[in-house]
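Remarks on the structure that follows.
The values are calculated or read from the model by the stated rules, or taken from the named source; none is laboratory data. Keep in mind that this is a model prediction, so the values were computed, not measured. Using ideal geometry, Cβ is built from the backbone for each residue, glycine included, and neighbour counts are taken over all protein chains shown. Keep in mind that these areas ignore ligands, DNA and RNA; they rest on the heavy atoms of the full protein, side chains included. Shrake-Rupley method; radii C 1.70, N 1.55, O 1.52, S 1.80 Å.
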Amino acid sequence: MDEEYDVIVLGTGLKECILSGLLSVDGLKVLHMDRNDYYGGESTSLNLIQLWKRFRGDDKPPPHLGSSKDYNIDMNPKFIMANGMLVRVLIHTDVTKYLYFKAVDGSFVFNKGKVHKVPSNDMEALKSPLMGIFEKRRARKFFIYVQDYNESDPKTHDGMDLTRVTTKELIAKFGLDDNTVDFIGHALALHRDDRYLNEPALDTVKRMKLYAESLARFQGGSPYIYPLYGLGELPQAFARLSAVYGGTYMLNKPECKVEFDGEGKVLGVSSEGETAKCKKVVCDPSYLPNKVRKVGKVARAIAIMSHPIPNTNDSHSVQVILPQKQLGRKSDMYLFCCSYSHNVAPKGKFIAFVSTEAETDQPAIELKPGIDLLGPVDEIFFDMYDRFEPVNEPTLDNCFVSTSYDATTHFESTVLDVLNMYTLITGKVLDLSVDLSAAGAAEE
Amino acid sequence: MGCGYSLPDRDSRQLGRPNSENGGGQDAKNLRVKLVLLGDSGVGKSCIVLRFVRGQFDPTSKVTVGASFLSQTIALQDSTTVKFEIWDTAGQERYAALAPLYYRGAAVAVIVYDITSPESFSKAQYWVKELQKHGSPDIVMALVGNKADLHEKREVAVQDGMDYAEKNGMFFIETSAKTADNINELFEEIAKRLPRPVIT
Ligand SMILES: Cc1cc2nc3c(=O)[nH]c(=O)nc-3n(C[C@H](O)[C@H](O)[C@H](O)COP(=O)(O)OP(=O)(O)OC[C@H]3O[C@@H](n4cnc5c(N)ncnc54)[C@H](O)[C@@H]3O)c2cc1C
Ligand SMILES: Nc1nc2c(ncn2[C@@H]2O[C@H](COP(=O)(O)OP(=O)(O)O)[C@@H](O)[C@H]2O)c(=O)[nH]1
Ligand SMILES: [Mg+2]
């Protein structure tokens with residue numbers, strides 16, 4: 001350990017592992033440590049005994065739930081958009097070869113008290129019970145406009161400059177009602193609040209296209225994919241990439257104290273009486289608590305069930321978005337469900353998560369609208385955790401701290417944070433123009 | 001010191017590996033299996049892979065960089081072929097940081113020790129335990145005493161290796177990555193012991 005490194009990475013969460021991999025591939029000498037004896041930090045997947053230890057304070061899960069080893073319960077459940085940024089990073093780094101992916105069965109939205117499949121193209125719009133007969137026809141026209149829209153071909157723009165026209169104006173042109181706008185904005189374009197309505201429509205149109213293209217990709221009922229054995233596989237796969245390119249890995253290192261010189265610049269990291277020198281430190285907020293501030297709080301529930309989420313077509317993996325307006329809240333609520341079909345639970349068992357940006361201190365009450373959609377549960381756990389973001393100036397101290405994971409079930413913010421950090425650390429921009437079509441899905 | 005590889009080949013661009021659970025995929029004639037290497041740092045795991053896949057032994061390269069995902073196909077006498085997807089540790093064993101991911105779906109585990117190092121032999125037991133924790137129950141296991149060319153420095157008796165292997169349901173072989181002794185035999189024996197898919 002008494003060596004000098006270009007970068008020491010602390011914590012093996014997904015963000016830290018992606019960075020560690022990218023930096024090792026760039027030829028930097030990387031030491032990667034974690035205080036835990038497992039990979040993944042806050043983005044690990046737990047088995048049943050670990051889950052019980054964490055939330056029930058004992059290591060005795062009831063035997064009827066099956067073997068502990070068969071569970072991989074994400075501490076940070078998210079699905080991966082088939083054509084999204086994370087997939088680009090996976091292909092760019094060739095990490096896909098360490099992983100098995102499978103399409104996610106369903107994508108649903110909560111609307112007027114009911115769960116509906118998210119229609120994503122003109123054909124589906126016509127069939128969707130989300131809209132009345134006339135609204136369906138208007139929505140169909142809008143979907144066709146979006147499908148045909150090509151940024152570089154003005155003929156497809158219908159005389160509108162979407163870098164200026166707001167989403168609200170675009171929607172007004174098609175005469176869609178607020179209810180339709182709500183599911184398009186939140187369940188298809190995956191906006192987290194309603195600011196997009198007053199922003200240029202191009203972003204929303206692109207997001208709708210991304211959704212539709214991702215959906216078309218793997219013949220699943222959703223635009224999402226998810227790794228077998230849970231998301232905890234992702235940090236491990238990037239850690240392996242880093243190791244393959246020369247990164248050194250140490251788990252179970254107590255303390256991991258970042259050492260500074262008189263001017264507040266990083267000198268190295270010490271653990272168990274040894275100090276490894278380095279030029280830069282990359283870490284999650286828990287390793288440098290003095291350099292972060294609290295920005296929010298996530299409320300979540302984790303449920304173990306013996307059935308799929310009702311009204312989702314028996315989907316063995318599914319996302320349901322509950323837009324803020326439908327609940328009279330400030331933030332959307334997300335339902336995530338996975339099962340033995342993705343090897344995260346023993347046969348017949350399902351793992352469901354309900355999460356949202358917390359607006360109160362009572363997760364059980366706040367999450368009720370989502371929990372009510374689950375039906376009976378075998379076990380349920382409630383939890384809140386704080387979200388942090390860095391407040392330091394990396395050019396002064398050479399510390400690069402990641403932002404905590406948010407409540408959404410998506411990776412957009414995760415990957416954007418990683419790409420920004422990569423640019424801050426190296427001064428380079430990662431070129432992610434990969435050939436998406438070269439990647440095939442895992443066959444069953 | 002160790003055996004070096006070139007960086008991983010980047011032309012197999014697939015989103016995810018085909019979902020072939022333990023025992024591998026395809027038809028009964030052409031098997032494809034994941035093989036993992038285990039054992040202490042320095043026992044010669046990377047050299048064994050490099051010898052098998054590339055027919056080389058290079059004692060001068062410094063660290064095991066880039067060794068990750070090599071494959072090699074062998075043909076058996078009954079005209080079946082076995083494609084080994086070989087996972088080397090990439091050095092993550094050094095500080096006991098091998099991830100569960102490493103063991104996923106492995107049909108074969110090769111546990112290596114150095115016949116000149118009793119310590120590496122007793123560490124083999126640790127790796128067998130790790131396998132029981134993370135590996136699949138019907139995995140084919142081989143115990144390999146490597147560096148057999150250094151017989152004048154031998155400190156682990158052949159009999160000890162055989163006994164230990166027998167007790168743990170593994171097969172045993174001594175190899176030398178340096179002279180190539182028994183390297184092909186090791187992989188051929190593994191291939192023969194693989195469970196064949198049942199044809200329905
Ligand atoms: C509840 C919920 C669940 C979601 N689930 C997933 C998920 O499981 N997996 C997943 O990958 N994504 C998910 N998203 C989507 C996420 O918000 C992104 O919209 C989506 O992933 C596309 O972003 P990207 O980073 O993958 O690709 P991007 O490259 O960011 O998006 C494609 C195009 O959209 C435009 N764009 C997107 N976002 C922005 C932005 N913030 N500013 C400017 N332009 C932008 C860009 O011009 C780009 O060309 C979810 C969102 C929500 C709210
Ligand atoms: N004499 C001899 N040396 C070997 C043999 N195999 C490996 N080595 C040497 O042992 C050292 C470690 O080998 P390496 O393959 O990197 O070990 P690993 O850490 O288990 O992957 C290197 O110096 C090799 O040259 C062998 O069969 N005989
Ligand atoms: Mg090696």
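Among the residues of the stretch A:351-363, those that are open to solvent by 50 Å² or more (accessible area, probe 1.4 Å) and out of contact with any helix residue (DSSP H, G or I) (no Cβ under 8 Å at 6 or more places or on another chain) comprise A:ASP361, A:GLN362.
Check whether at least one residue in the stretch A:325-334 is away from ligand 1 (no atom under 16 Å from the Cβ), buried (at least 17 other Cβ atoms within 10 Å of the Cβ) and hydroxyl-bearing (Ser, Thr, Tyr), and report yes or no. The answer is no, given that none of the residues of the stretch A:325-334 is away from ligand 1 (no atom under 16 Å from the Cβ), buried (at least 17 other Cβ atoms within 10 Å of the Cβ) and hydroxyl-bearing (Ser, Thr, Tyr).
One line per residue, one yes/no per condition, for (1) open to solvent by less than 10 Å² (accessible area, probe 1.4 Å); (2) more than 23 Å from A:VAL320 (Cβ to Cβ); (3) assigned to a helix (DSSP H, G or I); (4) more than 14 Å from chain B (Cβ to nearest Cβ):
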| site | (1), (2), (3), (4) |
| --- | --- |
| A:LYS155 | no, yes, yes, yes |
| A:GLU169 | no, yes, yes, yes |
| A:PHE183 | yes, no, yes, yes |
| A:SER222 | yes, no, no, yes |
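All of B:ASP138, B:ASP181 fail the test of being outside any helix (DSSP H, G or I), open to solvent by 10 Å² or more (accessible area, probe 1.4 Å) and closer than 30 Å to A:HIS342 by Cβ, apart from B:ASP138. In the stretch B:110-123, is there at least one residue being near ligand 2 (Cβ under 9 Å from one of its atoms) and on the phi > 0 side of the Ramachandran plot? No, that holds for no residue.
Could you look through the stretch A:87-102, keep only residues that are of a type in the set (A, V, I, L, M, F, W, C) and in a helix (DSSP H, G or I), and pick out the one that is nearest to A:VAL244 (Cα to Cα)?
Taking the stretch A:87-102 first, the residues of a type in the set (A, V, I, L, M, F, W, C) are A:87, A:89-91, A:95, A:99, A:101.
Pick out the ones that are also in a helix (DSSP H, G or I) and you get A:87, A:89-91, A:95.
Details: A:VAL87: 20, A:VAL89: 17, A:LEU90: 15, A:ILE91: 16, A:VAL95: 11 Å.
That would be A:VAL95.
When the test is whether a residue is over 20 Å from A:ARG300 (Cα atoms), in the same structural domain as A:VAL244 (by TED's automatic domain parsing) and in contact (Cβ under 8 Å) with a residue 60 or more places away in the chain, A:SER20 passes it. Within the stretch A:219-250, the set of residues being closer than 23 Å to A:THR414 by Cα and of a type in the set (A, V, I, L, M, F, W, C) comprises A:ILE225, A:LEU228, A:LEU231, A:LEU234, A:ALA237, A:PHE238, A:ALA239, A:LEU241, A:ALA243. Considered as a group, the residues in the stretch A:404-431 that are modelled with pLDDT of 85 or more and open to solvent by less than 20 Å² (accessible area, probe 1.4 Å) include one that is nearest to the other protein chains (Cβ to nearest Cβ), and that residue is A:VAL415.
Within the set A:VAL115, A:VAL109, the sole residue that is part of a strand (DSSP E or B), within 22 Å of A:VAL205 (Cβ to Cβ) and more than 14 Å from chain B (Cβ to nearest Cβ) turns out to be A:VAL109. Taking the residues in the stretch A:104-124 that are of a type in the set (Gly, Ala, Ser) and crowded, with 23+ Cβ neighbours inside 10 Å as candidates, determine which candidate is modelled with the lowest pLDDT. Taking the candidates together, the pick is A:SER120. When you check A:GLY348 against the structure, is it free of Cβ contacts under 8 Å to residues at least 12 places away in the same chain, out of contact with any His (no Cβ under 8 Å at 6 or more places or on another chain) and either assigned by TED's automatic domain parsing to the domain that holds A:MET75 or open to solvent by 10 Å² or more (accessible area, probe 1.4 Å) (or both), yes or no? Taking the combined requirement at face value, the residue does not satisfy it. The set of residues from the stretch A:206-216 being within 9 Å of ligand 1 (Cβ to nearest atom) and either more than 16 Å from A:ILE80 (Cα to Cα) or more than 14 Å from chain B (Cβ to nearest Cβ) (or both) comprises A:LYS206, A:ARG207, A:LYS209, A:LEU210, A:TYR211. Taken together, the residues in the stretch B:42-64 that are away from every other protein chain (no Cβ under 11 Å), part of a loop (DSSP other than H, G, I, E, B) and either within 13 Å of ligand 2 (Cβ to nearest atom) or at pLDDT 90 or above (or both) amount to 9. Pairing each residue of the stretch B:102-124 that is within 30 Å of A:THR96 (Cα to Cα) with any residue that is of a type in the set (Phe, Trp, Tyr) and modelled with pLDDT of 95 or more, provided the two are 6+ apart or on different chains, yields no C-beta distance under 6 Å.
Inside the stretch B:66-91, residues that are within 7 Å of another protein chain (Cβ to nearest Cβ), open to solvent by 10 Å² or more (accessible area, probe 1.4 Å) and either farther than 21 Å from B:GLY55 by Cα or free of Cβ contacts under 8 Å to residues at least 60 places away in the same chain (or both) make up a count of 1.
The residue that is nearest to A:LYS15 (Cα to Cα), among those in the stretch A:81-94 that are facing another protein chain (nearest Cβ under 10 Å) and in contact with a Phe, Trp or Tyr (Cβ under 8 Å, 6 or more places away or on another chain), is A:THR93.
Contact map, the stretch A:119-141: first residue within 23 Å of A:GLU213 (Cβ to Cβ), second residue assigned to a loop (DSSP other than H, G, I, E, B) and open to solvent by 100 Å² or more (accessible area, probe 1.4 Å), Cβ cut-off under 9 Å, separation 6 or more or different chains; pairs are A:LEU130/A:LYS112.
Give me a count of the residues in the stretch A:248-258 that are open to solvent by less than 10 Å² (accessible area, probe 1.4 Å) and either more than 9 Å from chain B (Cβ to nearest Cβ) or not hydroxyl-bearing (Ser, Thr, Tyr) (or both). The number of residues fulfilling the criteria is 2. Of the numbered criteria (1) under 22 Å from B:GLU188 (Cα atoms); (2) open to solvent by less than 20 Å² (accessible area, probe 1.4 Å); (3) touching a residue at least 40 places away in the same chain (Cβ under 8 Å), the one B:VAL156 fails is (1).
Here A:ASN47 fulfils each of the conditions (1) under 24 Å from the mean Cα position of the chain (by Cα); (2) in contact (Cβ under 8 Å) with a residue 60 or more places away in the chain apart from (2). Residues that are out of contact with any Cys (no Cβ under 7 Å at 6 or more places or on another chain) and within 17 Å of A:LYS279 (Cα to Cα) were ranked within the stretch A:371-403; the one that is surrounded by the fewest Cβ atoms within 10 Å (Cβ to Cβ) is A:THR395.
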